[in-house]
Each structure stands twice: as structure tokens, then as C-alpha cells.
Amino acid sequence: MQRNERGREPLFLLVMIEKIKILELVNSALEGGEKFLVNLKITPDNRIYVDIDGDNGVTIDDCIELSRTIEGQLDREEEDFELNVSSAGADQPLKLTRQYRKNVGRDLEVVMVDGERAEGTLEDASDEGIVLRTHGTKKQAPETLRFAYKDIKSARVAIRF
């Protein structure tokens, strides 16, 4: 190992937890269940962020259980890390077909790649795209719109208060 002029190892040589290792641990823990991985991020300083969702939602206990499972497979003596397991937030965009499917019947706000926007009730989510039924207005009747996933820039569940 090369040392700098002060006799210390360069900072960039610190061990970073491998994303593939964490991905394998998460997938193994969630395999065959109703929970699924939405996002995994590991920062250079070994902060691990795991976002999960579930076909019937995610509880704090689900997050705690997954966190303990992952931590039980990692050695803090070997590499220090910070682990954050959370549910994919209600305000976060949908990323996976499985998320769209679990939200059939709910209102979505969709922004297309070309900037066009649409809002309506999600009627269907297939492997290719979604079917959205607009609510209509006094001037415009409701209509059924079909969007391919590749044309969707972002889609969020519409939160109403």
C-alpha cells in the first residue's frame, strides 16, 4: 500500500461496502415475500440506504426486521457502516411495475418525458405500461389514457387532504 508524504494511507483506499453484497442480502431476505426492494444507495462513507415497498404496505417492524437481517450478515470489525432501512415514501415517484400494480384504483399524477401531465385513477398496470382514467371537468369528459413506462418521466400517488 502506498503512503502519502505524511506516512498515512490515502483516504480513497478505505474499504467501501460492495453494493452487490448488500443487494444479495436484501434480495435473499425479501425473496418470495410481499416486500420488495425499490432503491439501494451506498455512499462513499459507507452509509447504506435501503428503500422497500410491499404489496400491502410496509410497517416499521418490517424495516427493523430487514435492518437486523442485513446487519447480522455484515462485520463492523471489517468495515464500519451506517444502515438506514425505510419504506418508499408516499411522496416518492413510483419506480417499479410492482408499485404501479399495488396502486391500481388510486389517483396518480403522471409527468411524461415530453413534459405533458396527466392525472386520474390508475385502472391497470401491465408489464408494458399503465391505463389512466382522467376525472374530467365541466369542459372535458373523462377519458382513458394509455402510457408506456418508457414515456413516463415520473408518476406519484396523488395525496389528498
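Side notes on the structure shown:
- Considering only Gln92, Ala29, Ile130, the residue lying farthest towards the positive end of the dipole of the chain is Ile130, judged by Cα position with unit charges set on Cβ.
- Among Gln92, Gln140, Gln73, the residue with the largest mean-square fluctuation in a Gaussian network model of the chain, with springs joining Cα atoms closer than 10 Å, is Gln140.
- Structural descriptor for region 29-77: relative contact order 30 percent, calculated from alpha carbon pairs under 8 angstrom and at least 6 residues apart.
- Listed options for Cα extents along the principal axes in Å are (i) 49, 42, 28; (ii) 74, 36, 31; (iii) 73, 40, 30. The value calculated from this structure is the one marked (ii).
- For Asp151, neighbours were defined as the other residues whose beta-carbon sits under 13 Å from its Cβ, and their charges (Lys and Arg +1, Asp and Glu -1) total +1.
- Taking every C-alpha pair closer than 8 Å and separated by at least 6 residues, the mean separation divided by the residue count of the chain gives a relative contact order of 16 percent.
- Pair Ser154, Lys19: separation of 7 Å Cα→Cβ label points (nm): 2.0
- Over 22 Å between alpha carbons, listed pairs Lys41/Lys153; Lys19/Lys150; Lys35/Lys153: Lys19/Lys150; Lys35/Lys153
- C-alpha long axis of helix 19-30 to longest principal axis of the chain, angle in °: 60
- Loop-located GluC sites (Glu not before Pro) in region 79-156 whose Cβ has at most 16 other Cβ within 10 Å (DSSP): Glu79, Glu116, Glu128, Glu143
- Relative to the longest principal axis of the Cα atoms of the chain, the long axis of helix 60-72 makes an angle of roughly 30 degrees.
- Cα-based shape type of region 100-161, given that a ≥ b ≥ c are square roots of the gyration tensor eigenvalues and the cut on a/c is 1.5: rounded
- Spatially proximal aspartates and glutamates relative to Lys102 (Cα-Cα < 12 Å; intrachain offsets below 8 disregarded): Glu34, Asp53, Asp55, Glu123, Asp124
A short reminder: the numbers here are calculations on the coordinates, not readings from a lab. Please read these numbers as outputs of a predicted model, since none were measured by experiment. Positions of Cβ are backbone-derived with ideal geometry, glycine not excepted, and every protein chain shown enters the neighbour counts.
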